[in-house]
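Values in this text are rule-based calculations from the coordinates and carry no lab data. None of these values were measured; they are calculated from a predicted model. We place every Cβ from the backbone using ideal geometry, glycine too, and count neighbours over all the protein chains shown.
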Amino acid sequence: MLRKSFLAVLFIGIIISYLVQAGEAATILKLGHTDPPDSPRHKAALLFADKVKQYTGGKYEVNVYHSETLGSDPKLVEQVKLGAIDFCISGIAIYANQLPELGLLALPYLVETFEQGWHIYDDTQWVKDYFNKLLEKNIRVLSVWEAGFRCMTTKKPVSTVADVKGMKLRIAKSEMYVWIWSALGANPTVMALGEVYIGLQQGVIDGQENPIVTIYAQKFYEVAKYVSLTRHIYAPIPLSTNEKMWLKLDKATQDAFLRAASEAQKWHREAVIKQDEELLSEMTKKGATIIRPDISSFAKTSLPVYDKAREKYGKDVVDSLVKAAEEIKRKYPTK
């Protein structure tokens, strides 16, 4: 009888333990970005979320918030820093608001191809060192996703540098962007991404600059039909997380997050490259005019930005990055 009672109690204990474990809720994490739900950025974010759930065995789930639901790009990065949200995907120039030297990665025409850009971010010691310094701001970069090269969308044609003169051009909040467009003769105007469409529509601004995928996703070509492929900045979008939260995770969970981030990065890079020409074609069908200007004139006119950067950040800091970029250009030349 005692044996039967013991077995019954043991069985009940096992069942209760199972039910408790089965009933444990997953830890819910928040990821924010500013692109719409039909964008490659959002699709990559959802892929990241799916992989996190898969690789952590359901212990963690990531809720993805698009279209500035959780705030503008600068606010998203600030929220990650403060631990108000767990992840964000934003442009490198936005992270430079936390660590100014990162803005040097937005130097005009630093690289010429996607491949060169990937190796700058993935392989160079310069980037590794400054991403490590970003940890001091409580922000950890998990992987660098794609956005492509920044181009212009304007209400009048831009084929030469002279066409930019006096143009009121929307930019994201970035010291480097101000320097570049001032050098090119424009009137750079900081404006939240969510205000740009109506700003163009109402004539508050004459144009804006963003990667092709963002121009298409935000439909800027509808209200500023001239798309000039200036390709003035290579503009990837790091996925970052809160460092304090990261340090609380066990090694297996960290590895799971990194694996998910890497796979989402790979998918996103391939998707953006594949879509660039397709999106240009689609915009043309919808009434946009695609202009392929003489990039060399833009590059030459923006050279004073490098001198300005050296004055502020020091010759050694800037030249070490330029040297790394030149080595990569030689190793992976433009085809």
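Here is how the numbers come out for the structure above:
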{"read-out": "Among (1) in contact with a Phe, Trp or Tyr (Cβ under 8 Å, 6 or more places away or on another chain); (2) part of a helix (DSSP H, G or I), the one test that residue 238 misses", "value": "(2)"}
{"read-out": "Qualifying residues in the stretch 181-200 (those that are hydrophobic (A, V, I, L, M, F, W, C) and assigned to a helix (DSSP H, G or I)) - the one surrounded by the fewest Cβ atoms within 10 Å (Cβ to Cβ)", "value": "198"}
{"read-out": "Any chance residue 47 is surrounded by 15 or more Cβ atoms within 10 Å (Cβ to Cβ), outside any helix (DSSP H, G or I) and either on the phi < 0 side of the Ramachandran plot or without any contact (Cβ under 8 Å) to a residue 60 or more places away in the chain (or both)", "value": "no"}
{"read-out": "Filter result for residue 286 (more than 30 Å from residue 196 (Cα to Cα) and in contact (Cβ under 8 Å) with a residue 12 or more places away in the chain)", "value": "no"}
{"read-out": "Subset of the stretch 201-235 [within 21 Å of the chain's Cα centre (by Cα) and either free of Cβ contacts under 8 Å to residues at least 40 places away in the same chain or in a loop (DSSP other than H, G, I, E, B) (or both)]", "value": "218, 219, 235"}
{"read-out": "Residue 61 vs. criteria more than 26 Å from residue 177 (Cα to Cα), over 15 Å from the mean Cα position of the chain (by Cα) and not β-branched (Val, Ile, Thr)", "value": "yes"}
{"read-out": "Qualifying residue in the stretch 279-288 (condition: under 17 Å from residue 232 (Cβ atoms) and in contact with a Leu (Cβ under 6 Å, 6 or more places away or on another chain))", "value": "no"}
{"read-out": "Where a residue in the stretch 124-139 is under 18 Å from residue 246 (Cβ atoms) and touching a residue at least 40 places away in the same chain (Cβ under 8 Å) and its partner, wherever it lies, is among the basic types (Lys, Arg) and crowded, with 18+ Cβ neighbours inside 10 Å, with Cβ under 7 Å and at least six apart", "value": "137/81; 138/81; 139/81"}
{"read-out": "1 or more residues farther than 24 Å from residue 335 by Cβ, under 14 Å from the mean Cα position of the chain (by Cα) and small (Gly, Ala, Ser): qualifying helices (runs of 4 or more DSSP H) within the stretch 77-134", "value": "92-95"}
{"read-out": "Leading residue by the ranking (surrounded by the fewest Cβ atoms within 10 Å (Cβ to Cβ)) among those in the stretch 266-286 that are more than 21 Å from the chain's Cα centre (by Cα) and more than 14 Å from residue 228 (Cα to Cα)", "value": "285"}
{"read-out": "Residue that is nearest to residue 77 (Cα to Cα), among those in the stretch 153-173 that are among the small types (Gly, Ala, Ser) and surrounded by fewer than 22 Cβ atoms within 10 Å (Cβ to Cβ)", "value": "166"}
{"read-out": "Matching residues, the stretch 158-180, being farther than 14 Å from residue 210 by Cβ and part of a helix (DSSP H, G or I)", "value": "161, 162, 163, 164, 175, 176, 178, 179"}
{"read-out": "Within the stretch 284-335, considering residues that are assigned to a helix (DSSP H, G or I) and touching a strand residue (DSSP E or B) at 6+ places or on another chain (Cβ under 9 Å), the one farthest from residue 149 (Cα to Cα)", "value": "284"}
